[in-house]
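Engineer: Encoded as structure tokens, here's the structure I'll be asking about.
The values are calculated or read from the model by the stated rules, or taken from the named source; none is laboratory data. Just so we're clear, the structure is a prediction, and the values are computed from it rather than from any experiment. Ideal geometry is used to build each Cβ from the backbone, glycine not excepted, and the neighbour counts take in all protein chains shown. Only protein heavy atoms, including side chains, enter the accessible area calculation; ligands, DNA and RNA are left aside. Shrake-Rupley method; radii C 1.70, N 1.55, O 1.52, S 1.80 Å.
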Amino acid sequence: TPPSGGDKDTIPPFITELYPLPGSINVPVKKTQLKLTFNEYVTVKDMKSLFLSPPMEKAPKYKLKGKSVVVYFEDDLDSNKTYTLDVTNAIADNNEGNMYPGYTLVFSTGDTVDSMMVTGIVQDCNTLEPIKGATVMLYKDHADSAVFLKRPDAAIKTDDWGFFCLRNIQDTCFRMYAIIDENNNNKYEPESEKVAFID
């Protein structure tokens, strides 16, 4: 009989190396590349789950290089700003499809890393069921029109339980919204998208 190949792989991949290191400061704003190296070959299952906050006009791109996922951007990053790259529900191992549970890489293009955080749950107002995959957004601009016209100053997607954690944000006053972002442009489209907000 041919060899069985051993037991089925049920262990998700794990990160062995990161660039830049978590909490790095003065990261270059031009041609920036973020590199996550794993202990085995991986694939990106859901590109939309490679989520950068604050969001840019064009979503992050990626390429696979050996056991690494290299994330890059078509536009320059802003100077003197803290960024977070969330990879939850994005990456799986190449053979068995075991999902990597998630990680958020934090870095700054300035001299400091913002350190405030806010958490919560997004629920359907009629059923109180949690909303998976909603985009929670923070705005320093308190005008009612900001959610229609501008990309947020910080954003994150909710997990399977509607939970979100917006980390490494500025110590300032924000307005908070959540939307079901059907077209992934990080703006509220009233004709086709649901919205939630805190007074």
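Engineer: Mind checking which residues of region 154-199 are among the polar types (S, T, N, Q) and in a strand (DSSP E or B)? Lay out the reasoning, then the answer.
Structural biologist: Step one: of region 154-199, the residues among the polar types (S, T, N, Q) are 158, 168, 170, 172, 183-186, 192.
Asn168, the sole residue that qualifies.
Engineer: A follow-up question, please. Of the numbered conditions (1) under 18 Å from the mean Cα position of the chain (by Cα); (2) more than 25 Å from Cys165 (Cβ to Cβ); (3) open to solvent by less than 80 Å² (accessible area, probe 1.4 Å), Gly66 satisfies every one except a single condition; which is it?
Structural biologist: Of the numbered conditions (1) under 18 Å from the mean Cα position of the chain (by Cα); (2) more than 25 Å from Cys165 (Cβ to Cβ); (3) open to solvent by less than 80 Å² (accessible area, probe 1.4 Å), the odd one out for Gly66 is (1).
Engineer: Whether any residue in region 132-150 is basic (Lys, Arg), within 19 Å of the chain's Cα centre (by Cα), within 28 Å of Gly23 (Cβ to Cβ) and not in a strand (DSSP E or B) is what I want to check. Walk me through how you get there before you give the answer.
Structural biologist: Here is the first cut: in region 132-150, the ones basic (Lys, Arg) are 132, 140, 150.
Restricting the remaining residues to those that are within 19 Å of the chain's Cα centre (by Cα) gives 132, 150.
Okay, now just the ones that are also within 28 Å of Gly23 (Cβ to Cβ), so 150.
Those left that are additionally not in a strand (DSSP E or B): 150.
There is at least one residue in region 132-150 that is basic (Lys, Arg), within 19 Å of the chain's Cα centre (by Cα), within 28 Å of Gly23 (Cβ to Cβ) and not in a strand (DSSP E or B).
Engineer: Here's something else I'd like to know. Are any residues in region 3-61 polar (S, T, N, Q) and not in a loop (DSSP other than H, G, I, E, B), and if so, which ones? Walk me through it before giving the result.
Structural biologist: From region 3-61, those polar (S, T, N, Q) are 4, 10, 16, 24, 26, 32-33, 37, 39, 43, 49, 53; that's our starting set.
Correct list: Thr16, Ser24, Gln33, Thr37, Thr43, Ser49, Ser53.
Engineer: For region 175-192, give me each residue that is over 10 Å from Val147 (Cα atoms), open to solvent by less than 60 Å² (accessible area, probe 1.4 Å) and more than 20 Å from the chain's Cα centre (by Cα).
Structural biologist: none
Engineer: Also: Restricting to region 110-131, name every residue that is farther than 19 Å from Tyr83 by Cβ, open to solvent by 90 Å² or more (accessible area, probe 1.4 Å) and either in a loop (DSSP other than H, G, I, E, B) or out of contact with any strand residue (DSSP E or B) (no Cβ under 9 Å at 6 or more places or on another chain) (or both).
Structural biologist: Those that are farther than 19 Å from Tyr83 by Cβ, open to solvent by 90 Å² or more (accessible area, probe 1.4 Å) and either in a loop (DSSP other than H, G, I, E, B) or out of contact with any strand residue (DSSP E or B) (no Cβ under 9 Å at 6 or more places or on another chain) (or both): Cys125, Asn126, Leu128, Glu129.
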